[in-house]
Amino acid sequence: MGNVSGRSSLSRATSLRVRGGETSETSTRDPCISEGTMRLVRYYRQIILKLWPFILLTVGVSVWFLGTDTHQRRFLGLCAPSYISRTCRAKNNIMFLKTHKTAGSSILNILHRYGDRNSLNFALPYERDFKYSHYFNASLVKGYHNASQPPYHILCHHMRFNLSEVRKVMTSDAFYFTILRDPAAMAESAFSYYRLYCPTFKTAPNLKAFIYNTSLYYQPNNESHHYARNLLWFDLGFDPDDIFTEDVASQGVRAVEDVFNLVLLAEYFDESIILLKEELCWELDDIVTFKLNARETPTQLEPDDIERLRAWNSLDWYLYVYFNRTFWEKVERFGRVRMDMELRRLRERRQHLAEMCLESSKPLRADQIQDEAIKPYQPKEEKILGWKVRDDLRPSTKASCIQMITPEVQYKYLLDDWQFPKDAQYRAKMQLLLQKKSGKSPWKKPEGATVNKLAVPPGNKPEVIAGNKPELVAGNEPEVPPGNKPEVVAGNKPELVAGNEPKVPSGNKTEVVAGNKPELVAGNEPKVPPGNKPEVVAGNKPELVAGNEPEVPPGNNTEVVAGNKPELVAGNEPEVPPGNKPEVVAENKLNVQ
Ligand SMILES: Nc1ncnc2c1ncn2[C@@H]1O[C@H](COP(=O)(O)OS(=O)(=O)O)[C@@H](OP(=O)(O)O)[C@H]1O
């Protein structure tokens, strides 16, 4: 019989097998196939028929297994995490809002190193920050001309957040994250760090006096006032003097949640960076870091101080409580067991790197660090600790170790030199001039410290050779090269997070005093999960450190007038710590309403 349907004899036979049994198949057997072959086919068919439930099961389990992501597989403990090849792709487009006094310098070191190693293009400020405390503006990014140029990979230096402008320099799929800290601990840190730069803090005789009489010392119209109240809220682009209402606070929370993919917590730094690693699909070594920018002598707070500071910073406290909850929800989703395992790996790795890289297991005071390239910036009264690497390391190991301890300011200039080699030459010349004038020793790039130059960042042709020294004294860097001045238009009023500004009736700015606080405080503290969480706040002992003695008689807070600000003079140290420049021009004052 001819092949009426036009299909091949094999497919026809198959279709018959499906429909019927042995007989029909035999009757349609192709005469060209030998009896021996047919016996073999029958034999294997019988095996397949007997084994098919097992085969189906195996295929099903494999499909399910491959469909699960690495989280689940690790959580299920089917294999050790280090041996699992990751199915995700590393994210390279990153916006980090570096809030103040929240361990942001340690995060920045992670980002600097990652971007450096992968030759990513940073959206850098002309100087140390994006003219903080002004709102961020795209024109403040070095090399930015217009929105049609290729976006940057990483934007991470201090700024006051302004979403619409940030979007101009980042890709639409960029990963946004930020970090929060308990406002009580933050306030203690800010008080000592900004003591001499923030009039509110300066007029208070000491921290205790400030805590117990915040409204007496607080000067809402004075620049730098934001350091003294709701600093997180301010950095996120909101008005720190908003009156606390549930409505205002929850609108702020929603705005943050809409924009930021991840909100970290300084108190749970390790858990935070593990979540970050997961979200970014990075490796362990990308996120392992030493603690940077820590003070030598933090003041311990009493429980009552903590309560009062949280109440005073009620909007920040609301934010913190909310994102503390969502943080632990994320950890739960990540898996507690898995988190514990990752924490162990991270800490072991950090320990290993510390032993390999560091001269001492404890951070060092600045006077023990001679090399300006790795000495952390020292604000006037505060002592900031740093690290030194061992001398006996091979050059390549040493370079990696130095990257891990290079403070934010110096690393930023290394990156700048790489992205803008012409400016590096200019800066080097200026530096020589300044050095002659001031007699100061120049900042030398440490031996082995180098920016990795694996590829040319988009739009830049770096010619920086390893060992090429950008001789900058930290804190003494020259102004922006001529012709590169960013334009900040007078009266420029960027929005808060687009479309989500907390609404506060204008002129209705009353104070939230101790006792008048959001219902979050008593009995509603942020959740601390079971296990090994270092509790930040409770149980701290009272004590004010030496150095907090009154400088100004209590109540004498009239001598600090608006516009009375420290000046940056070439050749002198800046009066304001990194990321916090006092030179806010009168016409560019914040338009906070
Ligand atoms: N890894 C890690 N874990 C926990 N805490 C850490 C970490 N790294 C830095 N810190 C603490 O963060 C404070 C400094 O914050 P920043 O670096 O954001 O400060 S700055 O705004 O850039 O000046 C500073 O807090 P204080 O010492 O209380 O001032 C640091 O000790």
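The values are calculated or read from the model by the stated rules, or taken from the named source; none is laboratory data. Everything quoted here is computed from the prediction, not taken from an experiment. Cβ sites come from the backbone with ideal geometry, for glycine too, and all protein chains shown count toward neighbours. These area figures cover heavy atoms from the full protein model, side chains too; ligands, DNA and RNA do not enter into them. Shrake-Rupley method; radii C 1.70, N 1.55, O 1.52, S 1.80 Å.
A few remarks follow.
- Subset tally (residues that are more than 8 Å from the ligand (Cβ to nearest atom), surrounded by fewer than 21 Cβ atoms within 10 Å (Cβ to Cβ) and under 14 Å from the mean Cα position of the chain (by Cα)) for the range 283-303: 1
- The set of residues in the range 402-427 that are touching a Phe, Trp or Tyr at 6+ places or on another chain (Cβ under 9 Å) and within 16 Å of ILE107 (Cβ to Cβ) comprises GLN403, MET404, ILE405, PRO407, GLU408, VAL409, LYS412, LEU415.
- Of all residues in the range 385-418, those satisfying the criterion of being touching a strand residue (DSSP E or B) at 6+ places or on another chain (Cβ under 7 Å), open to solvent by less than 20 Å² (accessible area, probe 1.4 Å) and assigned to a helix (DSSP H, G or I) are CYS401, ILE402, ILE405, LEU415.
- Verdict on THR289 being touching a residue at least 24 places away in the same chain (Cβ under 8 Å) and out of contact with any Gly (no Cβ under 7 Å at 6 or more places or on another chain): yes
- If the condition is being closer than 30 Å to ASP285 by Cβ and either open to solvent by 10 Å² or more (accessible area, probe 1.4 Å) or assigned to a loop (DSSP other than H, G, I, E, B) (or both), then the range 120-144 contributes LEU120, ASN121, ALA123, LEU124, ARG128, ASP129, PHE130, LYS142, GLY143.
- Every residue from the range 248-282 that is within 13 Å of the ligand (Cβ to nearest atom) and not in a helix (DSSP H, G or I): LEU264, LEU265
- Test for ARG338: is it touching a His at 6+ places or on another chain (Cβ under 9 Å) and without any contact (Cβ under 8 Å) to a residue 40 or more places away in the chain: no
- Residue within the range 196-203 that is closer than 30 Å to HIS153 by Cβ and either surrounded by 23 or more Cβ atoms within 10 Å (Cβ to Cβ) or away from the ligand (no atom under 16 Å from the Cβ) (or both) present: no
- Taken as a whole, the range 33-44 holds at least one residue that is of a type in the set (Gly, Ala, Ser) and at pLDDT below 95.
- Out of ALA255, ALA294, ALA249, ALA228, sole residue that is closer than 20 Å to ARG347 by Cβ, at pLDDT 95 or above and small (Gly, Ala, Ser): ALA294
- Among residues of the range 320-342, those that are closer than 23 Å to ARG181 by Cβ and either buried (at least 16 other Cβ atoms within 10 Å of the Cβ) or modelled with pLDDT under 95 (or both), counted: 12
- Close pairs (6 angstrom Cβ cut-off, 6 or more residues apart or separate chains): surrounded by fewer than 17 Cβ atoms within 10 Å (Cβ to Cβ) in the range 344-361, among the charged types (D, E, K, R) anywhere: GLU359/LYS388; GLU359/ARG390
- Filter result for GLU283 (acidic (Asp, Glu), touching a Pro at 6+ places or on another chain (Cβ under 9 Å) and more than 25 Å from VAL321 (Cβ to Cβ)): no
- Some residue of the range 110-119 being part of a loop (DSSP other than H, G, I, E, B) and either surrounded by fewer than 22 Cβ atoms within 10 Å (Cβ to Cβ) or away from the ligand (no atom under 14 Å from the Cβ) (or both): yes
- The single condition from (1) surrounded by fewer than 22 Cβ atoms within 10 Å (Cβ to Cβ); (2) touching a residue at least 60 places away in the same chain (Cβ under 8 Å); (3) away from the ligand (no atom under 16 Å from the Cβ); (4) not basic (Lys, Arg) that SER106 fails is (3).
- Among the residues making up the range 152-166, those that are within 16 Å of the ligand (Cβ to nearest atom) and outside any strand (DSSP E or B) are CYS156, HIS157, HIS158, MET159, PHE161.
- Counted residues, the range 167-184 - those being farther than 16 Å from TYR126 by Cα, in contact (Cβ under 8 Å) with a residue 24 or more places away in the chain and away from the ligand (no atom under 16 Å from the Cβ): 7
- Any hit, the range 448-458, residues being open to solvent by less than 50 Å² (accessible area, probe 1.4 Å), under 23 Å from ARG117 (Cα atoms) and modelled with pLDDT of 75 or more: no
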